[in-house]
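For reference, the structure is listed below as structure tokens.
The values are calculated or read from the model by the stated rules, or taken from the named source; none is laboratory data. These numbers come from a predicted model, not from an experiment. So basically every Cβ, Gly included, is an ideal-geometry build from the backbone, and we count neighbours across all protein chains shown. Note: areas computed on protein heavy atoms with side chains; ligands, DNA, RNA excluded. Shrake-Rupley method; radii C 1.70, N 1.55, O 1.52, S 1.80 Å.
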Amino acid sequence: MSTPKTLDRTLTALADPTRRAILQRLSLGEARVTDVAKPFRMSLNAVSKHILILERAKLVERRKVGRDHFLSYSSEPLDTAAKWMDDTRAFWGSRLDALERLLREEDGNPK
């Protein structure tokens, strides 16, 4: 189950195009931090800060082998956020449908 804090971390992590690009790369498979950082026109330190945000949101997991750090994508937080969005959409969709019916009935047009 998702807590508001967990959902906030997931959505915050997804809000940045660099972090979304990192996730897209990791969706292809595990990669070393240095390889993930290569395509970006920023320092390794800056990319590492983006990775840290993704790790805090549990969208990325880190594995250390010697001096190498390997990253992999974890879909669970994204799946949880998508479920929250679907549930919220369904809830408000049904509420707005009910409101529309009520307003039509008041106008004498029960369509």
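Here's the picture: charge each Lys and Arg Cβ at +1 and each Asp and Glu Cβ at -1 in segment 28-90, and of Ile51, Gly66, Pro77 the one pushed furthest to the positive end of that dipole is Gly66.
For the chain, the 222 nm mean residue ellipticity estimated from helices alone, with every DSSP H stretch of n ≥ 4 adding -39500 (n - 2.57) and the total spread over all residues, rounds to -20500 deg cm²/dmol.
Taking GluC sites (Glu not before Pro) across segment 1-110, the ones in a DSSP loop with at most 16 further Cβ atoms lying within 10 angstrom of their Cβ are Glu30. Counted by Cβ distance under 13 Å from Met42, the other residues give a net charge of +3, where Lys and Arg count +1 and Asp and Glu count -1. Highest GNM mean-square fluctuation among Thr80, Thr18, Thr88, for the chain modelled with Cα contacts below 10 Å: Thr88. Ligands, DNA and RNA left out, the accessible area of segment 33-91 computed with a 1.4 Å probe is 55% carbon and sulfur. Couplings 3J(HN,Hα) of segment 32-38, computed from phi: 6, 3, 4, 6, 5, 6, 3 Hz, in residue order, whole Hz [Karplus 6.51 cos²θ - 1.76 cosθ + 1.60, θ = phi - 60°; x for Gly and Pro].
Along segment 53-69 the Karplus relation, 6.51 cos²θ - 1.76 cosθ + 1.60 evaluated at θ = phi - 60°, assigns HN-Hα couplings of 5, 5, 5, 4, 7, 6, 7, 10, 10, 10, 10, 9, 10, x, 8, 8, 10 Hz to successive residues, with x for each Gly and Pro. Summing Lys and Arg as +1 and Asp and Glu as -1 over all other residues whose Cβ lies under 14 Å from the Cβ of Ala21 gives a net charge of +3. For Arg32, the amide hydrogen comes within under 5 Å of the amide hydrogens of Leu71, counting only partners 5 or more places away or on other chains and with H modelled in the peptide plane. Around the amide H of Val60, modelled in the peptide plane, lie the amide H atoms of Glu55, Ser74, all under 5 Å away and 5 or more residues distant in sequence or on another chain. Other residues within the sphere of radius under 13 Å centred on the Cβ of Glu30, judged by their own Cβ, net out at +2 (K and R +1, D and E -1). The long axis of helix 76-106 is offset from the longest Cα principal axis of the chain by roughly 20 degrees.
Share of pairwise Cα-Cα distances greater than 17 Å in the chain is 61 percent (whole percent).
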